[in-house]
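Read the figures in this text as sums done on the coordinates, not as results from a lab. Worth saying up front: this structure is predicted, and the values here are computed from it rather than measured. For neighbour counting, all protein chains shown are included, and Cβ atoms are generated from backbone atoms with ideal geometry for every residue, glycine included.
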Amino acid sequence: MLEIMLFVVFPYVALAIGIVGTIYRYLTNQYSFTTLSSQFLENELQFWSSTLWHYGILPTTFIHLAGFIIPSVMNALHGTPELLYLSELAGKVLGIMALVGAGIMIVRRLTFSKIRAVTSTADWIVLFLLFIQVFFGLILAFTYRWGATWFIHTATPWMNSLAFFSPAPQYVTALPLAHKVHFLTGFLLFAVMPFSRLVHIAAFPFSYMWRRFQLVIWTRRKASS
Ligand code: HEM
């Protein structure tokens, strides 16, 4: 029963809260679709944390999605030992970049009083969840080797079973605790999205991904000579 609650009911509830909540927030408060950047208050650590985080987590997310949506292609991509080694290495490097980025974000908010002052409880919860999520992802990657292959025979059929409304939790219920924490936190992040600055993920159009960082330009009148 607990397993049905955790691996069937909870994912649907979390997705429903994430989707309905995000649409509701968009319709009622479009201008709140922002990261509420604090670059203005501190620039250097913000640059390193944001760059490491985003360059690590975005490819990781796309690799996860590919594993869910096109498992046969992903399987073929890991078809030789060399490719499997390479993908393991890439996954770990990207994950470590994301973890260091999230770590710097937390330290930065703890260290600078001005930034701490503009950090809400929701911000702390999201930062903590993201850190935990990536941390457990790396635990999986380091302690249960060859994830690229077992991913496709566990997480993929479970996710697909949810997507096609024919839930099959048995693909994941026998996995170790670290896997379960990682999967459940993944869905929890969906649920907290509309209540936090994570909504910026849904900020369409996504031009912020390739535009330059926020530029703050001071315009002062020249001192008269
Ligand atoms: C419920 C959805 C999710 C499932 C089923 C899932 C599944 C997995 C699996 C099976 C691995 C091990 C892969 C390997 O060892 O090669 C992994 C690793 C990882 N996951 Fe997830 N994950 C989910 C959501 C997320 C989310 C939302 C994030 C980030 C915010 C994330 C970040 C990571 C990272 C950083 C790694 C380690 C790097 C890697 O090996 O790719 N995961 N995930």
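Residue ranges 74-82, 49-57 sort as 49-57, 74-82 when ordered by packing (mean number of other C-beta atoms within 10 Å per residue, highest first).
With the convex hull of its Cα atoms as the shape, segment 2-209 has an orientation-averaged projected area of 12.4 nm².
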